[in-house]
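A short worksheet on the structure shown next.
The values are calculated or read from the model by the stated rules, or taken from the named source; none is laboratory data. Since this is a predicted model, take the numbers as computed values, not measurements. Note: ideal-geometry Cβ built from the backbone for every residue, glycine included; neighbour counts use all protein chains shown. Ligands, DNA and RNA are excluded from the accessible area calculation, which covers all protein heavy atoms including side chains. Shrake-Rupley method; radii C 1.70, N 1.55, O 1.52, S 1.80 Å.
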Amino acid sequence: MYVPVFWYLFKERHRKMSFLSGRIDSFFKKEYFIMKLSITCIPGDGIGPEIVAQAKNVLNAVAEKYGHDLCFTDILMGGASIDACGEPLTEEAIATAKAADAVLMGSIGGNTSTSPWYQLPPDKRPEAGLLRLRKSLNLFANLRPALLYQELRAACPLKEEISAAGFDIMIMRELTGGLYFGERRTVVENGVRRAVDTLTYDENEIRRIAVKGFEIARKRKRKVTSVDKANVLDSSRLWRKVVEEVAVDYPDVELSHMLVDNCAMQLVKDPAQFDVILTENMFGDILSDEASMITGSIGMLPSASLNDTRFGLYEPSHGSAPDIAGRDIANPIATVLSAAMMLRYSFDLDQEADAVEAAVQAVLKEGYRTADIMSEGCTLVGCSRMGSLLAERI
């Protein structure tokens, strides 16, 4: 019991020794040093290589300050892999990803109307690589934050009295079940075409995403809103029942239920009411896109996909933006914030994640903007300069 008192006095006396302080903080927090973190990077297509490079710069700044040793290994996926290997994702790339502690991705794909990649069969196109990687890594939990920075409040399309309250939402979307992965078929019966898509969930699929949702809520404001369509769908009625069973193990987290149509309305009426939104695959797909738009810029939004361990795939929510690739004008902040999520959720390095998020906040307060979030009176910077500014403020 004397150690914490000693450490407090030592830290106050030697606050400027940031490197040593970070190492010792890490020791007392987890009782061991993380000496080496292996990260597989997927630069991908379009602006992907540019934004991943800046995320690496910021992570290297974190490693230098807090005493971690990062090992980056790049693999190909998407169009880049098609060009080099003839397929969107190779077995060797999957093995490299599995061997890492986490995966950081830029973006994949290209212009669907002009790229030769989209003349290929669906299972050979760039996005097929991402679906295969998610399945291979068993990434069932998708985290999509939607945070309104006060410095970017003018870009929010909501009424000023709503945006003034701000919001910080985490949408937890089940990623490997539901309608997108159920049995599907298209048939012709009596000369009429008929398509069938099947929505199925079992209790184990629901329980594991619910556990993740409550665990994430414990790192936030301890409030879960479970979203379903229990007034119509059997799958939603099972969803609600299992979520309530899981909630018993988290008495410190408040649980409420909301129908998906009401949730869609409440997101534009009063987004500040939400903390963690827990929902199934299709509902999560739609609601997370809605939430991204009310922040004002999708270029600011990170995401994570986790499996049942601490392993995760981290990527920005935006696309590959091939029209601006190679021009050093892309916004790297969503990728940098994805790296912060990696530090927090795969490595349990909350202090380091806080430092990255604080760096983003500082740069915005200082008035630096990339083209997508530029406003009058601010300073326009490119992708590489924004990355440097963020790394300098770690």
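Some observations on this one:
- For the chain, modelled as a GNM whose springs connect Cα atoms under 10 angstrom apart, the maximal fluctuation among T73, T279, T186 occurs at T186.
- Kirkwood Rh and Cα Rg combined as Rg/Rh, the range 62-129: 1.11
- Ranking L389, M77, P43 by how far each Cα lies toward the positive end of the dipole of the chain (charges on Cβ) leaves L389 at the top.
- For the chain: accessible area per residue (Å², 1.4 Å): 46 Å²
- Shape call, the range 291-372: gyration tensor on alpha carbons, a/c limit 1.5: oblate
- Difference of contour (0.36 nm per residue) and Cα-Cα distance, Q351 to A371: 4.2 nm
- Above-threshold pairs, the threshold being 24 Å between Cα atoms, out of K269/K365; K241/K269; K159/K365; K98/K212: K269/K365; K241/K269
- Ranking of E161, E244 by solvent-accessible surface, largest first: E161, E244 (1.4 Å probe, protein heavy atoms only, all chains present).
- Modelled label reach - V248, point 7 Å along Cα→Cβ, the range 197-241 residues with backbone N closer than 14 Å: 241
- The chain, Cα convex hull volume normalised per residue, Å³: 169 Å³
- Listed residues G377, G48, G166, most fluctuating in the chain (Gaussian network, C-alpha, under 10 Å): G377
- Computing FRET efficiency as 1/(1 + (r/R0)^6) for N204 and E92, where r is the C-beta to C-beta distance and R0 is 41 Å, gives about 0.85.
- Gain upon complete extension [S384, R153; 0.36 nm per residue less C-alpha separation]: 80.7 nm
- Most mobile of Y118, Y345, Y149 in a GNM of the chain (Cα contacts under 10 Å): Y118
- Kirkwood hydrodynamic radius of the range 240-311, Cα pairs, Å: 14.2 Å
- R0 of 25 Å, Cβ-Cβ distance V196-Q119: FRET efficiency to nearest 0.05: 0.35
- Dipole magnitude for the chain: about 620 debye, using +1 per Lys or Arg Cβ and -1 per Asp or Glu Cβ, origin at the Cα centre.
- Once the C-beta distance of K135 and F72 is scaled by a Förster radius of 25 Å, the resulting FRET efficiency is 0.55 to the nearest 0.05.
- Global form of the range 78-185, assessed from the alpha-carbon gyration tensor, a/c cut-off 1.5: prolate
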